[in-house]
Amino acid sequence: MIHYLSASEEPNWIISALLGAIIGALISPAGKAVLYPVRRMKPHPMAGKWYSYHVSFMAGQPIFRYGTITVKTGMRTRYSIQRTTSAAPFGADGRPTPPVLTYSGGTLTEEADHIVMTFLGSSHRETLTYRFPSRIPSNSSVIPGVWMAYDHDLNPAAGTAILSRDPLTDEGEARRVLGSWVVSEGLALHLRKSPQ
């Protein structure tokens with residue numbers, strides 16, 4: 001014998017659909033919150049404070065820039081990264097002083113054995129992208145890479161950069177370390193697998 005549900009016995013499909021959507025929307029953030037302590041126990045090898053160095057342009061002249069990048073385990077994203085660029089070059093030798101640049105945060109992703117960092121400017125409108133070869137698991141104290149954004153004259157720009165676990169003492173040392181990784185061929189450049 002077949003029993004048919006009466007109108008009073010049928011589930012309300014609208015309420016069921018809404019409850020399902022709400023539960024589905026809560027699962028992802030709840031899962032991230034649950035996994036946060038687990039991720040904190042095993043931080044990424046890039047975690048911690050790094051010192052960054054690169055050459056940019058201002059008023060048509062090359063200017064050496066340095067700053068810090070901090071990588072932490074994130075709550076909403078896997079990694080939380082912050083970047084600040086210093087105001088002054090290493091020496092006060094009459095060169096123009098570029099502004100302090102701050103970034104609201106960024107993302108760190110891994111692709112094809114590379115670490116890609118993308119930052120959004122908070123003191124200015126800019127998207128800055130870094131690409132570094134992965135040094136995991138050795139976690140080398142100096143990592144060479146490339147950057148792409150625009151320079152202080154608002155021209156599209158790209159160049160080489162290094163991340164160092166320890167601050168470098170002066171611009172000469174930073175330029176020497178940066179140059180030891182770079183191979184230039186005509187208008188192209190690439191990074192060596194080890195410094196020269």
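The values are calculated or read from the model by the stated rules, or taken from the named source; none is laboratory data. This one's a predicted model, so the numbers in the text were calculated from it and none came from an experiment. With ideal geometry, Cβ positions are generated from the backbone for all residues, glycine too; neighbour counts draw on all protein chains shown. The area values use the complete protein model at the heavy-atom level, side chains included, leaving out ligands, DNA and RNA. Shrake-Rupley method; radii C 1.70, N 1.55, O 1.52, S 1.80 Å.
Assorted remarks:
- For Ser138, the requirement of being under 22 Å from the mean Cα position of the chain (by Cα) and modelled with pLDDT under 85 is met.
- Residue match in the stretch 171-180 (condition: surrounded by 16 or more Cβ atoms within 10 Å (Cβ to Cβ) and β-branched (Val, Ile, Thr)): yes
- Selection within the stretch 181-196 - assigned to a strand (DSSP E or B) and either open to solvent by 70 Å² or more (accessible area, probe 1.4 Å) or touching a residue at least 24 places away in the same chain (Cβ under 8 Å) (or both): Val182, Ser184, Glu185, Leu189, His190, Leu191
- Within the stretch 61-79, the only residue that satisfies the criterion of being at pLDDT below 80 and small (Gly, Ala, Ser) is Gly74.
- Test: residue in the stretch 166-181 that is hydrophobic (A, V, I, L, M, F, W, C), within 20 Å of Val142 (Cα to Cα) and touching a Lys or Arg at 6+ places or on another chain (Cβ under 8 Å): yes
- Which numbered condition Pro167 fails, given (1) of a type outside the set (S, T, N, Q); (2) part of a loop (DSSP other than H, G, I, E, B); (3) modelled with pLDDT under 85: (3)
- Test set (1) surrounded by 13 or more Cβ atoms within 10 Å (Cβ to Cβ); (2) modelled with pLDDT under 85; (3) closer than 19 Å to Arg175 by Cα - Phe132 fails condition number: (2)
- Residues (farther than 12 Å from Val55 by Cα and either β-branched (Val, Ile, Thr) or open to solvent by 70 Å² or more (accessible area, probe 1.4 Å) (or both)) located in the stretch 151-169: Leu154, Asn155, Pro156, Asp166, Pro167, Thr169
- Among the candidates Ser104, Ser52, Ser56, the residue that is at pLDDT below 80 and part of a strand (DSSP E or B) is uniquely Ser104.
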